[in-house]
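Single-structure report; data block below.
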Amino acid sequence: MALQKIVIRGGRPLSGRIPIEGAKNAALPLLAAALLTDQTLVLTGLPRLADIASMTALLEQHGVQVAQNGDGGKTLHLSTPEIASTTAPYDLVRKMRASVLVLGPLVARCGTARVSMPGGCAIGTRPIDLHLKGLEAMGAEIHLEDGYVVASAPKGLKGGLVRFPFVSVGATENILMAACLARGETILENAAREPEITDLAHCLIAMGAEIEGVGTERLVVRGRTLLHGATHKVVADRIEAGTYAMAVAATGGRVELVGAKTDLLGVVIDTLARAGVEIEPTAEGMMVTRGPQRLTGVDVMTQPFPGFPTDMQAQMMVLMATAEGAAMITETIFENRFMHVPELARMGADITVHGASALVRGVKRLSGAPVMATDLRASVSLVLAGLAAEGETTVNRVYHLDRGYERLEEKLAACGARIERVSG
Ligand code: UD1
């Protein structure tokens, strides 16, 4: 595939409507949940993204039959009459860390699974120890072999108490899915409460699972022998919606985000309101408005849901880069998630990092530059910076964006942005 980049000529306000897709971070565990039944799971409202294609390829390799509906992949029918392989190979897992979500379902259904260890990742070391400890608490034996995690429970998993020492989205999802097929009752304490987990729980319940405490940090699951088929619509992507809200905040203008849900964005909406951005629910989604005045600096600390999401930290930093006054942005979820800082500095931002905090002193304006990013949300933050900046910005390594934003440049161009994808 030829290398592509995105070229932006900044300084234009946005106006119009942007459709919001189903959430990538909900879709990935929902796809893995297809392994928990021998019947058909139908997922609708899927986003069309590289990460979804990676997960689908992994599932096919495990024996999942994947059929499309003729709507370009927004609806998938997934059937797994038999598991063909319990190994998730290195080549597929290294592409996407969320591949580890097949571990719980596979060991729960087959009594064994072999999943390549996800490698180091651009945003910190990101181990999977909580996933493994959870499975151990349910009777699985875990060992490492040639770079693979091998989990086995020949007589099946049994219910147990899984208390997470800190909140992990992926570990909560893995253990929740595994518990659905374990013998007896499993209690998850200090579980993550992200809306994507609630969405997964609703789908599992539609598949016959018995789960109490949905949306809270204590989930109680009574296991079943096998789940059955269901049809489920993926929840709206709050990170995509929040990102476009911040794009409008960066450029000024007025855009309706169609399909966005304000109730999933509480802290983000409050934070943006304090900075000077107006967000109101509409019949179809939400309206984002920012007038010609400069934004005000506000401090932000990332936290597990319902706190400010780490996946919007980089975008928020772009807004603060040209705000009136200073803002302290503290990242508490991931180490090393400030890779966008030196790139923003190349565009004229004044940012000093001390450990987990970045002090952003607002400058009058950013200026366009060639930039490059190392992860999905950092890449999109550079697009936002480019939209706000004077002159031309080129964002390299577009493949990061394609992992998480469907038709990004098309959606922004439809609202008046001068943005295009070019090869080479
Ligand atoms: C998910 C999201 C990601 C988001 C993150 C935090 C998906 C596909 N990805 O990632 O977009 O940024 O939640 O909201 O949904 N950790 C451990 N041991 C473990 C598991 C996690 O130390 O076994 C650490 C991680 O390194 C990180 C923190 O816990 O520092 C939170 O990670 P986690 O919530 O698990 O994130 P993911 O599920 O990987």
**Message:** Please verify whether Met286 is part of a strand (DSSP E or B) and either of a type in the set (Gly, Ala, Ser) or at pLDDT 95 or above (or both), treating the condition exactly as stated.
**Reply:** yes
**Prompt:** Do you know which of the residues in the stretch 158-177 that are open to solvent by 20 Å² or more (accessible area, probe 1.4 Å) and over 14 Å from the mean Cα position of the chain (by Cα) is nearest to Ile197 (Cα to Cα)?
**Reply:** Val167
**Asked** Can you spot a residue in the stretch 70-77 that is touching a Pro at 6+ places or on another chain (Cβ under 9 Å) and open to solvent by 40 Å² or more (accessible area, probe 1.4 Å)?
**Response** yes
**Prompt:** Which pairs have Cβ atoms under 7 Å, sit 6 or more apart or on different chains, and link a residue in the stretch 39-65 that is at pLDDT 95 or above to one that is assigned to a loop (DSSP other than H, G, I, E, B) and surrounded by fewer than 16 Cβ atoms within 10 Å (Cβ to Cβ)?
**Reply:** Gln39/His228; Arg48/Gly72; Gln61/Ser85; His62/Ala84; His62/Ser85; Gly63/Glu82; Gly63/Ala84; Gly63/Ser85
**Candidates Thr198, Thr225, Thr216, filtered to the one that is over 23 Å from Cys110 (Cα atoms) and either assigned to a loop (DSSP other than H, G, I, E, B) or modelled with pLDDT under 95 (or both)** = Thr216
**Request:** Kindly indicate whether Leu49 is touching a Phe, Trp or Tyr at 6+ places or on another chain (Cβ under 8 Å) and open to solvent by less than 20 Å² (accessible area, probe 1.4 Å).
**Result:** yes
**Item:** Given (1) within 19 Å of Arg238 (Cα to Cα); (2) more than 12 Å from the ligand (Cβ to nearest atom); (3) touching a helix residue (DSSP H, G or I) at 6+ places or on another chain (Cβ under 6 Å); (4) touching a residue at least 24 places away in the same chain (Cβ under 8 Å), index of the condition Ser379 fails
**Value:** (4)
**Request:** Inspect all residues belonging to the stretch 386-401 and state whether any of them is open to solvent by 40 Å² or more (accessible area, probe 1.4 Å), in a strand (DSSP E or B) and either farther than 30 Å from Gly73 by Cα or in contact with a Cys (Cβ under 6 Å, 6 or more places away or on another chain) (or both).
**Result:** yes
**Asked** Which pairs do you get when a residue that is more than 13 Å from Leu135 (Cα to Cα) and more than 13 Å from the ligand (Cβ to nearest atom), found in the stretch 162-184, comes within reach of a residue that is modelled with pLDDT of 95 or more and among the acidic types (Asp, Glu), reach meaning Cβ atoms under 7 angstrom, with the pair 6+ apart or on two chains?
**Response** none
**Prompt:** Assuming His202 fulfils every condition listed in (1) closer than 18 Å to Thr172 by Cβ; (2) touching a residue at least 40 places away in the same chain (Cβ under 8 Å); (3) open to solvent by 20 Å² or more (accessible area, probe 1.4 Å) apart from one, which condition is it?
**Reply:** (2)
**Asked** Quick check, is Gly229 open to solvent by 10 Å² or more (accessible area, probe 1.4 Å) and within 30 Å of Gly184 (Cα to Cα)?
**Response** yes
**Request:** Taking the residues in the stretch 56-69 that are assigned to a helix (DSSP H, G or I) and touching a Ser or Thr at 6+ places or on another chain (Cβ under 7 Å) as candidates, determine which candidate is most open to solvent (accessible area, probe 1.4 Å).
**Result:** Gln61
**Close pairs (6 angstrom Cβ cut-off, 6 or more residues apart or separate chains): charged (D, E, K, R) in the stretch 288-316, within 15 Å of the ligand (Cβ to nearest atom) anywhere** = Asp311/Ile239; Asp311/Arg377
**Request:** For Pro118, state whether it is within 10 Å of the ligand (Cβ to nearest atom), free of Cβ contacts under 8 Å to residues at least 40 places away in the same chain, within 30 Å of Asp402 (Cα to Cα) and surrounded by 16 or more Cβ atoms within 10 Å (Cβ to Cβ).
**Result:** yes
**Message:** Of the residues Val93, Val102, only one is open to solvent by less than 10 Å² (accessible area, probe 1.4 Å), modelled with pLDDT of 95 or more, β-branched (Val, Ile, Thr) and within 22 Å of Leu376 (Cβ to Cβ); which?
**Reply:** Val102
**Prompt:** Assuming Ser54 fulfils every condition listed in (1) touching a strand residue (DSSP E or B) at 6+ places or on another chain (Cβ under 7 Å); (2) polar (S, T, N, Q); (3) within 30 Å of Met339 (Cβ to Cβ) apart from one, which condition is it?
**Reply:** (1)
**Request:** Could you list all residues from the stretch 1-48 that are assigned to a strand (DSSP E or B) and within 16 Å of the ligand (Cβ to nearest atom)?
**Result:** Gly22, Leu43
**Message:** I'm checking my understanding of the structure. Among residues of the stretch 181-191 that are crowded, with 24+ Cβ neighbours inside 10 Å and over 23 Å from the mean Cα position of the chain (by Cα), which one is farthest from Gly223 (Cα to Cα)?
**Reply:** Thr186
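The values are calculated or read from the model by the stated rules, or taken from the named source; none is laboratory data. Computed from a predicted structure; not experimentally measured. For neighbour counting, all protein chains shown are included, and Cβ atoms are generated from backbone atoms with ideal geometry for every residue, glycine included. Keep in mind that these areas ignore ligands, DNA and RNA; they rest on the heavy atoms of the full protein, side chains included. Shrake-Rupley method; radii C 1.70, N 1.55, O 1.52, S 1.80 Å.
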